[in-house]
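Read the structure below first, then the notes.
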C-alpha cells in the first residue's frame, strides 16, 4: 500500500473530519495523530523523521492517506516521496484556528527535553515550527499563514486542493475523482468534544 492522499493542513483545520471523510471515500486507513496514540512504537520513528532520518515506508505501512500533525510538518518530503499522491491543504480562519489551538492541542506544554517520548516528539515535529512559542498569537498566526502560502507555491496547482471542510463533499470528491456520498460530510472533534476527552474544560476566554 502507498500513500494516495497527503494532508498538508495543520492540526485544528478539520483534520479528524478529513480522516473520516477520506476513509469513507475509500482512501483509508488514514493516518492522523490519533494513530500515534494507538501505536506508541511510532513515536521514535517520528523523532527520527524530525532529525532528518525518516522511514516513511515503515511509518505509513498499511495506510493509504495521511492528515494532521505530525505528517503535515513533512508534507513536502512526503509529496516528493509519493509523487503520485494528491495533496489537500485544509484551511480555517486564522483567528478561529488560533483560538482552537489554545483551547485544545496547545493547552498543554511540550517541553523539548521532556522525558516523556510523546511530548518530546510533538515538540520536535510541531513545536519547532513555532519556535516553541505555542501561546504567542502573533507567532502562531504568522507561521500558519506562511505555511498555507508556501504549500500553494511548492505543490503544483493540478496536484493540490485548497479546502475548507465546511465546503462539503463536492470539491473533495471532484478532486479525488470519486462519487459524492449520500450521507453528510463528517464533522467531528470540535473544541467541546476534544475537551470532553481530555479532562476539565479550558476557561471560556481561551475557547474557540
Residue, farthest from residue 149 (Cα to Cα), within the stretch 37-50, restricted to residues that are at pLDDT below 95 and either outside any loop (DSSP other than H, G, I, E, B) or under 11 Å from the mean Cα position of the chain (by Cα) (or both): 38
Mind checking which residues of the stretch 84-105 are out of contact with any helix residue (DSSP H, G or I) (no Cβ under 9 Å at 6 or more places or on another chain) and surrounded by 20 or more Cβ atoms within 10 Å (Cβ to Cβ)? none
Can you report the number of residues in the stretch 18-34 which are surrounded by fewer than 20 Cβ atoms within 10 Å (Cβ to Cβ) and either farther than 24 Å from residue 179 by Cα or at pLDDT below 95 (or both)? 1
Complete set of residues in the stretch 157-195 that are farther than 14 Å from residue 21 by Cα, modelled with pLDDT under 95 and surrounded by 14 or more Cβ atoms within 10 Å (Cβ to Cβ): 190, 191, 194, 195
For residue 55, all conditions in the list (1) surrounded by 16 or more Cβ atoms within 10 Å (Cβ to Cβ); (2) in contact with a helix residue (DSSP H, G or I) (Cβ under 9 Å, 6 or more places away or on another chain) hold save one; what is the number of the exception? (1)
Among the residues of the stretch 106-123 satisfying the criterion of being in contact (Cβ under 8 Å) with a residue 60 or more places away in the chain and within 22 Å of residue 16 (Cβ to Cβ), which is surrounded by the fewest Cβ atoms within 10 Å (Cβ to Cβ)? 118
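The values are calculated or read from the model by the stated rules, or taken from the named source; none is laboratory data. Owing to the predicted nature of the structure, the values given are computational and were not obtained by experimental measurement. Positions of Cβ are backbone-derived with ideal geometry, glycine not excepted, and every protein chain shown enters the neighbour counts.
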